[in-house]
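**Q** My questions will all concern the structure given below.
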Amino acid sequence: MKVGVARETAPGERRVALVPEALGKLKTAGLEILVESGAGAGASIPDSAYEEAGASIVKTDALYKEADVILKVAKPSSSEVKKLRSGQAVVGFLQPLIDPKLAAELAKRGVTAISLDAIPRTLSRAQTMDALSSQANVGGYKAVLIAANEFGRYFPLLTTAAGTARPANVLILGIGVAGLQAIGTARRLGAVVKAYDVRPETREQAESLGAQFVKLKTAIDATGAGGYARELTPEERSAQQAELNEVIGTMDIVITTAQVPGRKPPVLVTADAVRRMKPGSVIVDMAASSLGGNCELSKVGETIVTDNTVTIVAPENLPASMPTSASAFYARNISSLLLGMVTDGALTLDFEDEVTKATVIAHGGEVVQEATRKLLDPASGGSA
Ligand code: NAD
C-alpha cells in the first residue's frame with residue numbers, strides 16, 4: 001500500500017503530517033511512502049531528509065494518483081477534494097462536526113475519510129493517537145510565550161540593584177490539555193498562576209502544577225460526557241460571570257482555553273471584564289475561531305489594543321506557529337492511528353474496533369459516523 005504525505009495548502013498552515021523519523025515503523029509494516037515535494041518546507045524539513053529516510057518525493061498530481069492513503073493535517077480544500085478518487089482514503093483533522101458537508105462530499109466521491117479529531121479521548125490505547133491533545137499542548141505553551149512577549153513587564157519576581165520587579169499574575173481559564181500546559185509554562189517563567197474550570201476534577205491537576213485553583217462561591221459542576229464540559233445554563237453562566245469578572249480585574253495576563261464540544265466557545269471574559277483590567281494587561285484567547293471566542297472582544301487572527309490599553313491576542317492556529325515540534329507529535333499520532341488499521345500492508349477497517357468506529361467518518365460511498373449523519377439529516381438521523 002502506498003501512503004502519500006500531502007503538502008498543506010491552508011493559509012498559514014506550516015505543519016506536515018509525517019516527519020522523516022516516523023517513516024521507519026510504517027516501512028516495517030510494509031508501507032511505501034510518497035511525499036509531495038515541499039511538504040515539509042514549512043516545518044524546516046527538506047525533501048532530502050524524507051528521501052534519506054526511505055520515501056520517494058513526487059509531484060502533486062502523482063501523489064493523488066498513486067497513493068492509496070493521503071495523510072494531511074488540515075482538512076482538504078475544495079480543490080484537493082476534487083483530486084481524491086474512489087477507493088482512496090484521506091486522514092487528517094477533517095472536523096466532521098463543524099463541516100459535515102465535507103464528509104458527505106468525500107462519501108459521494110467514494111473516499112474513505114478518517115478523522116483524527118474523532119479519536120476517543122479517554123481510551124488509554126488511543127493516547128498515542130490523540131492529536132487533539134498533542135496540538136493543544138503546543139498551543140498552551142505558545143500562548144504563554146505570546147503573552148510574555150506582549151507584556152511590558154517581567155513574569156518572575158526579580159530583585160536587582162536597579163530595583164525589584166513584582167511577578168506577573170496569570171489566570172488560566174479552562175484547565176484541559178492546553179490549560180495545563182499553559183499553567184506549567186507560566187510557572188516555569190516565574191509567574192503567580194491562578195486557574196479555573198467548571199470540571200471540579202481539574203482542581204487537583206492545576207494545584208499539582210503549582211497553580212491556585214479559583215473557587216467561586218457559586219459551586220458549578222459542568223462535567224459532561226467523555227471528560228469534556230457541558231454548556232452552562234443561563235443561571236450558571238451569569239453567576240459565574242459576576243464572580244469571574246472580579247478575579248479577572250486583578251490579573252495581568254489572562255489565557256483562555258475553554259471549549260465545549262460541538263458548541264460555540266463560552267464567553268468568559270466580557271467587554272466589562274476587559275474594562276476592569278489594568279493598563280498593559282494581556283489576554284490570549286486560544287478558543288478564538290470563526291465560531292467566536294472566550295473573550296467578547298477577540299477578533300480572530302488579530303491583535304487589538306483596547307482604549308484602556310489591554311492587548312487582546314486571538315491567534316488562529318497556534319500549533320502551526322511551532323511547526324517542527326507540532327509536526328513531530330502529529331506524525332506520531334497519525335502513524336499510530338494508521339498502523340492500527342493496517343493488516344499485511346493493506347488498510348483493513350474493522351468496525352467492531354472502538355477507534356475505527358469513532359474515526360472513520362465516510363466509507364463505501366456513505367457517511368458512516370453516527371454523529372455526522374445526524375448533523376446532515378437530523379430528521380432521520382440517517383443517510384447523507
Ligand atoms: P477542551 O478543549 O474541550 O476544553 C478545555 C477546557 O475548557 C476543559 O477543561 C473544559 O472543562 C473547560 N471549560 C469548558 N467550559 C468552560 C467554562 N464555561 N468555564 C471554564 N472552563 C470551561 O478540553 P480538552 O483539553 O480537549 O480535554 C478534554 C478532556 O479530555 C479532559 O477531561 C481531558 O482530561 C481529557 N483527556 C483525557 C486524556 C486521556 O485520558 N488519555 C487525554 C487527553 C484529554
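The values are calculated or read from the model by the stated rules, or taken from the named source; none is laboratory data. Here the structure is a predicted model, which means the values were calculated and not measured. Every residue, glycine as well, gets a Cβ built from its backbone with ideal geometry; the counts of neighbours run over all protein chains shown. Note: accessible area is taken over every heavy atom of the protein model, side chains too, but ligands, DNA and RNA are not part of it. Shrake-Rupley method; radii C 1.70, N 1.55, O 1.52, S 1.80 Å.
Okay, residues lined up against (1) in a loop (DSSP other than H, G, I, E, B); (2) farther than 16 Å from residue 3 by Cα:
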residue	(1), (2)
18	yes, no
25	no, no
39	yes, no
48	no, yes
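**Q** Restricting to segment 120-145, name every residue that is outside any helix (DSSP H, G or I) and either under 30 Å from residue 169 (Cα atoms) or at pLDDT 95 or above (or both).
**A** Selection gives 130 alone.
**Q** Consider residue 289 against the criteria (1) more than 16 Å from residue 313 (Cβ to Cβ); (2) open to solvent by 10 Å² or more (accessible area, probe 1.4 Å); (3) not basic (Lys, Arg): it satisfies all of them except one. Which criterion is unmet?
**A** So the condition that residue 289 fails would be (1).
**Q** Take segment 87-97 and flag every residue that is in contact (Cβ under 8 Å) with a residue 60 or more places away in the chain and open to solvent by 20 Å² or more (accessible area, probe 1.4 Å).
**A** Within segment 87-97, 97 is the sole residue that qualifies.
**Q** Confirm whether residue 273 is touching a Gly at 6+ places or on another chain (Cβ under 8 Å), within 16 Å of the ligand (Cβ to nearest atom) and open to solvent by less than 10 Å² (accessible area, probe 1.4 Å).
**A** yes
**Q** Let me ask another. For segment 294-342, which residues satisfy the criterion of being within 14 Å of the chain's Cα centre (by Cα) and in a loop (DSSP other than H, G, I, E, B)?
**A** Within segment 294-342, 315, 316, 317, 318, 322 qualify.
**Q** Does residue 148 fit the bill of being of a type outside the set (D, E, K, R), more than 10 Å from the ligand (Cβ to nearest atom), part of a helix (DSSP H, G or I) and buried (at least 24 other Cβ atoms within 10 Å of the Cβ)?
**A** no
**Q** Looking at segment 165-185, which of its residues are more than 11 Å from the ligand (Cβ to nearest atom), open to solvent by less than 10 Å² (accessible area, probe 1.4 Å) and part of a loop (DSSP other than H, G, I, E, B)?
**A** Within segment 165-185, just 168 meets the criteria.
**Q** Same structure, new question: Considering only residues of segment 190-234 that are more than 23 Å from the chain's Cα centre (by Cα) and assigned to a helix (DSSP H, G or I), which is farthest from the ligand (Cβ to nearest atom)?
**A** Only one residue tops the list, namely 207.
**Q** Would segment 306-315 turn up any residue that is of a type in the set (Ser, Thr, Tyr) and either closer than 21 Å to residue 178 by Cβ or surrounded by 15 or more Cβ atoms within 10 Å (Cβ to Cβ) (or both)?
**A** So far as segment 306-315 goes, yes, one or more of its residues are of a type in the set (Ser, Thr, Tyr) and either closer than 21 Å to residue 178 by Cβ or surrounded by 15 or more Cβ atoms within 10 Å (Cβ to Cβ) (or both).
Here's the yes/no breakdown for (1) touching a residue at least 60 places away in the same chain (Cβ under 8 Å); (2) acidic (Asp, Glu); (3) closer than 28 Å to residue 154 by Cβ:
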{"position": "184", "(1), (2), (3)": "no, no, yes"}
{"position": "188", "(1), (2), (3)": "no, no, yes"}
{"position": "231", "(1), (2), (3)": "no, yes, no"}
{"position": "238", "(1), (2), (3)": "no, no, no"}
{"position": "247", "(1), (2), (3)": "yes, no, yes"}
{"position": "255", "(1), (2), (3)": "yes, no, yes"}
{"position": "275", "(1), (2), (3)": "no, no, yes"}
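**Q** Take residue 351 and tell me if it is open to solvent by 20 Å² or more (accessible area, probe 1.4 Å), out of contact with any strand residue (DSSP E or B) (no Cβ under 6 Å at 6 or more places or on another chain) and assigned to a loop (DSSP other than H, G, I, E, B).
**A** yes
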